[in-house]
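I have placed the structure first, in the form of structure tokens, so that the comments after it can refer back to it.
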Amino acid sequence: MSTTQETIARLEGAATPTPPVRSSTLLARALRLWRTRIGALFVLLLVIIAIFGPYVAPHDPSEFITLPNTPPQGNAVFGTDYLGQDVLSRFLHGGLDLMVTAAVSTALGLLLGIAIGLVAGYSRNALDDVLMRAMDVMMAFPQIMLVLLAVSLVGPQKWVVIASIVLTTAPRVARVARGAALPVIERDFVAAMETMGQSRIRIMTGELLPNILGPMMVEASLRLTYSIGTIAALAFLGLTSDPNAPNWGTMIQQNRIALSFQPWGALLPIIAIALLTLGTGLIGDGIARTAAGIDRKRDNG
């Protein structure tokens, strides 16, 4: 709890409000759960592969080293793809772009959604209705459909992909942020700060936002999972700025025909994307259980 909250509570004779769960404390408690540790291990492993993989790749990702769809052999540990390029090298080069695009899209969507949710919840007037009805309209359409529409109309440039994911992520985040903020807005310390003449921005950023960090961290992991899946799906459909660049989604699309006799071209990126989404999901589940207070160990083990 902030010093301002404690001072106001004493001056007004009100009960001291329950302190918000700090993000660092919540993460530390969540990491006590095995599901969170396993999820963090998956994500950390794949992030390391994506960042450092290009430096240890045995071949250039666009180099033709032997015949197409060659099974694993000496100079190609996982064989070659449909053009005769090294599968392992393309895999090691193909994850960074997907992860960076997903992370940036999710972060911008969270910022926009939290801002809309806090403004809507705190205003408690016609602005709240207008903003939430607009969010409802955007949420009525499937996320992947809106992203495909934007990419098809404007083109598969990276900024279009990021912008479309942000615009489909923000409404869902705004709903969660508003719902989490409403009980906090009714607290005595918020009313006391309003009486003292504190600005709305100061109240929303200094008092409301710290009290909803738990739900927002859970929502962030969920939105990141959806962003990864959406970006991989776009690459699978060939909607990327450079279809020939190594990309996990593109690798699945290009090598799916050879699954029966040379599966590694598609299997490696499939496993990577599955572990990445599973890892973010496990982290989000661990944080959600911790925030809900069901992370305590049972006496019977």
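A short reminder: the numbers here are calculations on the coordinates, not readings from a lab. As the structure is a prediction and not an experimental result, all values here were calculated from the model. Methodologically, a virtual Cβ is constructed for each residue, glycine included, from the backbone with ideal geometry; neighbour enumeration extends over all protein chains shown.
Looking at L131, I257, S152, which one has the Cα that reaches farthest to the positive end of the dipole of the chain (charges on Cβ: Lys, Arg +1; Asp, Glu -1)?
L131
Order these by the 10 Å Cβ neighbour count, fewest first: S260, S62, S221.
S260, S62, S221
At most 16 other C-beta atoms within 10 Å and a DSSP loop state: those are the exposed GluC sites (Glu not before Pro) I care about. Give me the longest piece of the chain that has none. Each step should come with its number before you reach the end.
On the way: sites that count: E63, E186.
That gives 64-185 as the longest site-free run.
So for the chain, averaging the separation of alpha carbon pairs under 8 Å that are six or more residues apart and normalising by length, what relative contact order in percent results?
27
In deg cm²/dmol, rounded to 500, what helix-only [θ] at 222 nm does the chain give when every DSSP H run of at least 4 residues adds -39500 (n - 2.57) and the total is split over its residues?
About -22000 deg cm²/dmol.
Does the chain come out rounded, prolate or oblate, given a ≥ b ≥ c as the square roots of the eigenvalues of its C-alpha gyration tensor, rounded meaning a/c under 1.5 and, failing that, prolate meaning a/b above b/c?
It is prolate, given that a/c is not under 1.5 and a/b is the larger ratio.
Sort segment 76-219 into rounded, prolate or oblate with this rule: let a ≥ b ≥ c be the square roots of the eigenvalues of the Cα gyration tensor; rounded if a/c is under 1.5, and if a/c is not under 1.5, prolate when a/b is larger than b/c, oblate otherwise.
Prolate is the answer for segment 76-219, as a/c is 1.5 or above and a/b outweighs b/c.
Starting from the Cα gyration tensor of segment 146-282, take the square roots of the eigenvalues, sort them a ≥ b ≥ c, and report rounded, prolate or oblate (rounded when a/c is under 1.5, otherwise prolate if a/b is larger than b/c, else oblate).
The shape class here is prolate.
Let me check against my output: what whole-number percent is the relative contact order of segment 97-217, with C-alpha pairs under 8 Å and at least 6 apart? Numbers along the way, then the final one.
Values: 121 pairs, mean separation 43.9, N = 121.
Result for segment 97-217 is 36 percent.
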